[in-house]
Structure formats: C-alpha cells, structure tokens
Amino acid sequence: MKKIIIFFFLIVLSSCGYNSIYNIDKSKISIVDVSYQGDEFINNRISKSINNYKYTGDEKSRKYNLEIYSKKEKKITAKDSEGNPKVFSLSITLKVVFENQDGEKITKNFNEDFTYNTMSNKFKLKQYEKNILNDIIFELIQEIVFSIESL
C-alpha cells in the first residue's frame, strides 16, 4: 500500500508543473558591468557569485549595469556585569542601483541582521563570525538576483 501511495505522489508531483523558486533561468538576465564601493570582503563575495550572470553576448537576455554599495556593522548589544561584551549584532546593508538597457535606474536597499552570543575562545568566535557573514552575504546575493529577475 505504501508503494502505491509513493508512486501516486511521484506521478502527481512530476506532472503538476512544480518548479523550484530558486531555479532561475540565467539566460533571461545578463549583468554587463558592476561597480563596487564599501566593504572589500563583501564585495569580493558578491563579485564571485554575480560572475555567473555576466554578459556573454546573448542578445535575448535583459542586460543590467549594477552599482553596489556595501556596509558591515558589528555592534555590542549587551554586556555582562564586568563590562565585557556578551551579545553582538552583525548587520550588512547593501544599496544596489540597477540600470537597464534604456538607462532607467532603480535603487533597492537590502539589509540582513544577525544577533549572536560571545564565546570564550576568540578564535572560534572569529570563525563563527566569518560563517555568519558568509551566510548573510549568500542571502543578500539571492535577494539581488531575485530582484533583477523581477524587474
């Protein structure tokens, strides 16, 4: 009976037109030029990811120029009784200016925050912060690509 139910769901799901929302057709958009200002680490990570969408000569794709302004801010949000940092907040803000083929400019702001506790081992804390930063940048890159796709 389980095999029949599983088979039924496979048939229904495969023929219902299901498509992942993260499955973006890269041939629909092309990024011709990107300029960066701000935090170098963030800009390098974004640059590596956006290279997948660089203009390759396809005339059918919508072409965009991007200007990306990045800012990273780390704040102490709570301290213990001795005045040592206990809770941190990491915020990344991106201002992205999209310019299409007709010269129209659209500005969008993206912001991601993450709050985390300190650790006694400072090396592990730095590694944890780097992982958090990479995760936040990945989320922001997805938001940028979805924004380009929806323009």
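The values are calculated or read from the model by the stated rules, or taken from the named source; none is laboratory data. Keep in mind the model is a prediction, meaning the values are calculated, not measured. Heads up, the Cβs are rebuilt from the backbone with ideal geometry, glycines too, and the neighbour counts pull from every protein chain shown.
Of all the numbered requirements in (1) at pLDDT 95 or above; (2) at positive phi, LYS95 misses one, and that requirement is (2). Candidates in region 40-65 are the residues that are touching a residue at least 60 places away in the same chain (Cβ under 8 Å) and within 15 Å of PHE146 (Cα to Cα); of these, the one that is farthest from the chain's Cα centre (by Cα) is ARG62. Taking residues in region 100-111 that are within 14 Å of ILE144 (Cα to Cα), and partners anywhere that are surrounded by 10 or more Cβ atoms within 10 Å (Cβ to Cβ) and charged (D, E, K, R), the pairs with Cβ atoms closer than 6 Å and at least 6 places apart or on different chains are ASN109/LYS95; PHE110/GLU143.
For ILE24, the test of being at pLDDT below 80, touching a helix residue (DSSP H, G or I) at 6+ places or on another chain (Cβ under 6 Å) and not hydroxyl-bearing (Ser, Thr, Tyr) is passed.
Between GLU40, GLU67, GLU73, the distinction of being surrounded by fewer than 12 Cβ atoms within 10 Å (Cβ to Cβ), under 16 Å from PHE110 (Cβ atoms) and out of contact with any Pro (no Cβ under 9 Å at 6 or more places or on another chain) belongs to GLU73 only.
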